[in-house]
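In what follows, a structure is listed as structure tokens, so that the remarks can point back to it.
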2 protein chains.
Amino acid sequence: MSVAEQTRQNILNVAADEIHHHGFKATSLSVILNRCGISKGALYHHFTNKLELGYAVFEEVYQPMFLQAWQPALSTDDPIEGLCEFLTSITEKMACNESVCGCPLNNLCEEMANVDEGFRLRILAMQEQLNQLIVDAFERVRDDLRNNIKFSQAGYFIAATLNGANSLGKSSRNKVVFTQIIDELCCYIRALKK
Amino acid sequence: MSVAEQTRQNILNVAADEIHHHGFKATSLSVILNRCGISKGALYHHFTNKLELGYAVFEEVYQPMFLQAWQPALSTDDPIEGLCEFLTSITEKMACNESVCGCPLNNLCEEMANVDEGFRLRILAMQEQLNQLIVDAFERVRDDLRNNIKFSQAGYFIAATLNGANSLGKSSRNKVVFTQIIDELCCYIRALKK
DNA sequence: ATAATATCCGACCGCACGGTATGTTGCAAG
DNA sequence: CTTGCAACATACCGTGCGGTCGGATATTAT
């Protein structure tokens, strides 16, 4: 990897971290520059403006990260159990101070979806992609599931509840509430089986 | 109501609307002043700073609004059905352009809970209050419910899913996804009964 | 070796923001 | 009538922001 490309990747990673912690609008370019040890000229050589940097972070950092997290859980022989174990593992791996940051995708959705169309469409595509993953997984084992289930609707329901759990976790500042909601969600998911 | 008190209420209402539409940080005092037709001196006569204005909006506008919305649904003879009807009525009353604004409480939670302790504690208290309402309602009809239900956990689960539904609604910009999630949530709620 | 281009630097700009300080008006008590 | 304070108005300030631009340096092509 060329040194220029390293600079670019460094900017993307630092920006991703800053956006995750402070949101897009509250993220300061100056902070990114300081953390990267580069100048403003360097940043504006690689990205035309802050918005394009945000888009690049979404596409090149958040999106792959997101898919890599969900994909394995849904690709197992038993996606129902895979999903439950994945959700439970989130609560276990989540440190207390991390719980307040929430999911990058959901954060951006809350902050930017109704402000910037570029973000909105990217987020929407990502959510539909996730929903498709869930639907595909359910289709694969549909014989094991109750036959009155609307797969897509259930998929969105799961995603929504996870987002909401993150939200409630932010205000309570401990993961007990979060864990409870995930527990309840796993009950719901397992109840999809016959 | 004195003219001064009218001014104060006007500021609160306009500020509540602005915060609902643009979030707290992105809400500009200048815009509030213009919409109210008052000067900056007037605003700073009634509120010490922007943060205190935000707290006042939360306590005097959002909080009463929130309780007035939930209370009736949970006070009926059949809170399970009351809850479902209430949730469904949200989707019906919600215009398409309103769907992108989301719930003021959830918005503030996402934006401010991990930034400002004053907001966080107020939001937390509000959420616990809502949860208590749900728990109380469930306790009242506990004989009609399955006997392995953790009331508090179910309450948080319901609140979380509603928040998440709002979030997903923001990016899709139509209420179909929102409605689906609420439908699924109502199924879950009705399944709490024996 | 030299020209050309990519990469990066850092001073600067305009702007909108929250907040302050001082001035003005009007009502109400004495 | 006047004194005083609540209720505003207005001009101004410092700050941090995203973004621009001319120049310096490194890398590559010829």
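The values are calculated or read from the model by the stated rules, or taken from the named source; none is laboratory data. What you are looking at is a predicted structure, and each value in this text was computed from that prediction instead of being measured. For neighbour counting, all protein chains shown are included, and Cβ atoms are generated from backbone atoms with ideal geometry for every residue, glycine included. Protein only, heavy atoms only, side chains kept; ligands, DNA and RNA dropped before computing areas. Shrake-Rupley method; radii C 1.70, N 1.55, O 1.52, S 1.80 Å.
Using a basic spin-label model with each label point 7 Å from the Cα along Cα→Cβ, how many nm lie between A:Q129 and B:S75?
4.8
According to a simple spin-label model (label point 7 Å from Cα along Cα-to-Cβ), what is the distance in nm between A:Q68 and A:E52?
2.6
Note down the magnitude of the dipole of the protein assembly as shown about its Cα centre, charges +1 on Lys and Arg C-beta and -1 on Asp and Glu C-beta and zero elsewhere, to the nearest 20 debye. Before the final figure, lay out each step's value.
Details: 36 positive and 46 negative charges, 78 e Å.
I would put it at about 380 debye.
Given H placed on each backbone N at 1.01 Å, which residues far from A:L145 in sequence or on other chains put an amide H within less than 5 Å of it?
So A:L145 has HN proximity to A:K194.
Ballpark to the nearest 100 Å², how much total accessible area do B and A bury together, probe 1.4 Å?
Its buried surface, counting both partners, is about 3400 Å².
Roughly to the nearest percent, how much of the accessible area of the range B:121-194 is carbon and sulfur, given a 1.4 Å probe?
That share works out to 49 percent.
Using the Cα atoms as the points, what is the convex hull volume per residue of the protein assembly as shown in Å³?
Working: hull volume 59.0 nm³, N = 388.
Taking only Cα atoms, the protein assembly as shown has a hull volume of 152 Å³ per residue.
So what are the ³J(HN,Hα) numbers for the range A:61-72, from phi and the Karplus equation (6.51, -1.76, 1.60; θ = phi - 60°), rounded to whole Hz, Gly and Pro as x?
10, 5, 4, x, 4, 5, 5, 5, 7, 7, 3, x
Rounded to the nearest whole Å², what accessible area per residue is found for chain B with the 1.4 Å probe?
Numbers: 8590 Å² over 194 residues.
With the other protein chains kept in place, chain B gives 44 Å² per residue.
How charged is the neighbourhood of B:L130? Take every other residue with its Cβ under 14 Å from the Cβ of B:L130, and add Lys/Arg as +1 and Asp/Glu as -1.
-1
Over the Cα atoms of the range B:1-61, what Rg and Dmax result, in angstrom?
10.4, 31
List, in order, the whole-Hz ³J(HN,Hα) value for each residue of the range B:109-119 obtained from phi through the Karplus relation with A = 6.51, B = -1.76, C = 1.60 and θ = phi - 60°; use x for Gly and Pro.
4, 5, 7, 10, 4, 9, 10, 10, 5, x, 5
Whole percent per 10 Å bin, from 0 to the bin with the longest distance: what is P(r) over all C-alpha pairs of chain B?
Histogramming chain B at 10 Å steps yields 8, 32, 32, 19, 7, 1 percent.
In whole Hz and in residue order, list the ³J(HN,Hα) couplings for the range A:142-153 that follow from phi through the Karplus curve 6.51 cos²θ - 1.76 cosθ + 1.60, θ = phi - 60°; x for Gly and Pro.
4, 5, 8, 9, 4, 8, 10, 8, 8, 4, 4, 4
Tell me the mean residue ellipticity at 222 nm calculated for chain A from its helices only (DSSP H runs of n ≥ 4, each -39500 (n - 2.57), averaged over every residue, nearest 500). Walk me through the numbers on the way to the answer.
Working: 11 runs with 146 residues, N = 194.
It comes out at -24000 deg cm²/dmol, rounded to the nearest 500.
Could you pull the accessible area for A:D144 with a 1.4 Å probe, rounded to 10 Å²?
Spelled out: A:D144, probe radius 1.4 Å, area about 90 Å².
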